[in-house]
1. Using 0.36 nm per residue, how much length does the chain from LYS10 to HIS154 gain when fully extended, once their Cα-Cα distance is taken away?
2. Can you give the Kirkwood hydrodynamic radius for segment 40-82, in Å, rounded to one decimal and based on Cα pairs?
3. For segment 52-65, in order, what is each residue's ³J(HN,Hα) by Karplus, 6.51 cos²θ - 1.76 cosθ + 1.60 with θ = phi - 60°, in whole Hz (x at glycine and Pro)?
4. Show me 138-145, 110-117 ranked by packing, highest mean number of other Cβ atoms within 10 Å first.
5. Under a 1.4 Å probe, what is the accessible area of segment 40-82 per residue, stated in Å²?
6. Count charges around THR45 for me, please; just the other residues with Cβ under 14 Å from its Cβ, Lys/Arg as +1, Asp/Glu as -1.
7. With N set to the residue count of segment 105-148, report its C-alpha Rg divided by 2.2 N^0.38 Å to two decimal places.
8. May I ask you to give the solvent-accessible area per residue for segment 105-148, in square angstrom, as obtained with a 1.4 angstrom probe?
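The values are calculated or read from the model by the stated rules, or taken from the named source; none is laboratory data. Quantities reported herein were computed from a predicted structural model and do not represent experimental measurements. A quick note on method: Cβ atoms are made from the backbone with ideal geometry, for glycine too, and the neighbour counts reach across all protein chains shown. These area figures cover heavy atoms from the full protein model, side chains too; ligands, DNA and RNA do not enter into them. Shrake-Rupley method; radii C 1.70, N 1.55, O 1.52, S 1.80 Å.
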Amino acid sequence: MDLAIDDFLKRGGTIDRVQGPVCAQALVETGNHLTAPEEEEQERTRKTELLRELITKGAGISALQYSLKMNKSEIKRMARENGLKIVQSRSLHLTRKYRAAQTATAEFAQDAIAGHAMHYCALGYTAIEIAQKLDLTLRQVCELGKNYRFELNHRTDNRDE
């Protein structure tokens, strides 16, 4: 080894002393190089543009983490520095309000049908006739009568009278 180093120095080669940590020396020895500030700036610019595109498309924090390969705090800091707002997950509260309104509408429709069934019952229609008029099954009409507490006529027409 000493002969090789002496031969290298005789031919005009120089040896620089490395002051960095051992891992930096290993990178230099293996041929890999550390990213230059220009490369870091290009990478940061690329990630910022990708962040803008993804936020515009409505990506959430999990999708941003996967795409940018960064943790939440880094992504939030980058977004804050560039004046971007990350869409948080939507609240289920709005969905519940919608469902409640939809349920109220369904209950209102059922109340209306039950009101019609009571009206026909008061006019003397049988359960079968009410089912035919309201386009329901006989079981549905009987359930309405039970739930809304009105008596259904189940009379059969006796032609003897």
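1. On the way: separation 144, 0.36 × 144 = 51.84 nm, distance 11.96 nm.
So the extension gain works out to 39.9 nm.
2. On the way: mean 1/r = 0.0981 Å⁻¹.
This gives a value of 10.2 Å.
3. 4, 4, 5, 5, 4, 7, x, 5, x, 5, 5, 5, 5, 4
4. Numbers: 138-145: 17.4, 110-117: 15.1.
In descending order of packing, they fall as 138-145, 110-117.
5. Working: 3010 Å² over 43 residues.
So segment 40-82 comes to 70 Å² accessible per residue, rounded to a whole number.
6. On the way: positive: ARG44, ARG46, LYS47, ARG52; negative: GLU38, GLU39, GLU40, GLU41, GLU43, GLU49, GLU53, GLU81.
That works out to -4.
7. Working: Rg = 9.5 Å, N = 44, 2.2 N^0.38 = 9.3 Å.
Compactness ratio reported: 1.02.
8. On the way: 2930 Å² over 44 residues.
So segment 105-148 comes to 67 Å² accessible per residue, rounded to a whole number.
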